[in-house]
Structure formats: C-alpha cells, structure tokens
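Take a look at the structure below.
All of the numbers you see were taken from the coordinates with simple rules; none came from a lab. Keep in mind that this is a model prediction, so the values were computed, not measured. No Cβ is skipped: glycine too gets one built from the backbone with ideal geometry, and neighbour counts run over all protein chains shown.
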Amino acid sequence: MEKKIYFASDFHFGIPDHDSSLKREKLFVKWLDEVKQDAAEIYLMGDLFDFWFEYKTVVPKGYVRLLGKLAELTSSGIRVHLFRGNHDMWAFDYLSEEVGIALHRDPEILTLGGKVFYLAHGDGLGPGDHGYKFIKKVFQFRFNQWLFRILHPDIGIWLGLYWSRRSRKAAMANNNSNEYEKNMISERLTVHSTVELLLHPEISFFIYGHLHYPWDQKITEKCRQISLGDWLTNFTYAVFDGHELKLLKYQ
C-alpha cells in the first residue's frame, strides 16, 4: 500500500464547554491536515460529537472547522467513514449528503489492504450491560425519534447537550480510574471478539472505540484487538500501512 488507513474515535466535541471543545477541534483538524498527505481512508469510530440530532432543516450549531475539513478531504478523494456511536446515533443523512462521509450503523467486517478487519464503535457488544442495550433500542425506535423532532431545535438540542454532559460527568465521577475501561475491554469486548473470531477466523484485527482507553492486545497469534482510546484525554489513533497496524499518540 502506498497510502495508509487511519482510525480514531470518541472526540465528543461539544463538551465540557465551548472553549475547550474548540481547542480540541482545532487540534483534530491539524491532525487531519497532516494525515491527508498519505491517507487513503479515515475511519472515525463513533462519538464524533457529544450530542448530535438532525432535524429536517436544522443541525446542531458549531463544528464549522471540523465539518469543513472533512468535506475538503472527501472532495479530494479521501474516503471518510463514521461508525455511529451512542452519542451520535441520530446522525441520519446530513453528514453523508453535505460532507460526503460514509455512515455505518452496525459492526462491519471489511477487507482493507489485504487484511480482514472487524470494525465497530463497541457500545452494547458482548455480555451484560442490559440496561444500556434496552435504552439504545428506545433511542433507535423511529417513533421516539419523531417525538423528539417535534420539540423546537433550541429546546431539543439544549436538552440533548444537558443530558449528554451530565451523563459524561457522572461516568467520569463514578469511574475515575482506568480500571473500569480495562475491565470492560476484558469482560465484554474480548468475549465478543472471541465469539466473532470463531465465526470468522479470517479476521486479523478488531477495531473498537467507545471505552476511551487505548489498548492493544493479542487474541490469538494471528489476531489483535485495538481499543482506540479517545480525543478527550489520550489523543490516540491507529494507522495501518498494509503491513503493520500501530496504535499511536498524537503529540
């Protein structure tokens, strides 16, 4: 491969406040400017925004630098993908029609550079977490989406951001170490990966977002699982050059 494939996840633009979010957004745009030199594809593995809901004629305010840069990349021929996470599950067609991003709604098995990848945001996978799995179904139910759309955008987006920020702060307060993320990788994602590998032994790499903790582990001698970390505190990403897959930190 002359070109490389990049993976990054969990940016949560919009939190904890406008100024710090904008600072991270500018940093990510800088990273995009650098990787566009040799990128064939860029996979954003979910939670690009901390809250995103598309009304028929309205989308959340802000993120102009980010969306403009992504549109520039897709217009130049670089394929950009978004695997919707639990914070941007209500991305419908704006990002694909206006920005040129390919949206993915479920885990996918893809052949990239001659290797087989299993790609997913990671939420709701593996055993347990039944409360979240139920809530996810409620949020994905079309009638409930229609009910939310009835709200005026100023009210709906404010409510969404308020709820999302409280949820994130509560999670950070309850799990103030990396042990929680490590346990979730071990107890849920690794179990899920092992089951999928039995069904699809050709998989070489599992790539996940969601848990915010950067982690690179062997499942078998021929298969690795990568948790991408985040762009809130870790600023980590993965890159595949056709031979090696590396988990790196953006300095």
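Here are some notes:
- Proximity of backbone amide H atoms, modeled 1.01 Å from N, is registered between Ala39 and Lys4 at under 5 Å, excluding neighbours fewer than 5 places apart on the same chain.
- Pairs beyond 20 Å (Cα-Cα), from Lys30/Lys56; Lys4/Lys69; Lys4/Lys218; Lys26/Lys61: Lys30/Lys56; Lys4/Lys218
- Amide H within-cut-off set for Phe49, under 5 Å, with H built and near neighbours excluded: His12, Phe13
- Spin-label model, Asp154 to His200: label points 7 Å out along the Cα-to-beta-carbon direction sit 4.6 nm apart.
- Annotation: amide H of His212 within the under-5 Å range of Gly229, sequence separation 5 or more or interchain, hydrogens built in the peptide plane.
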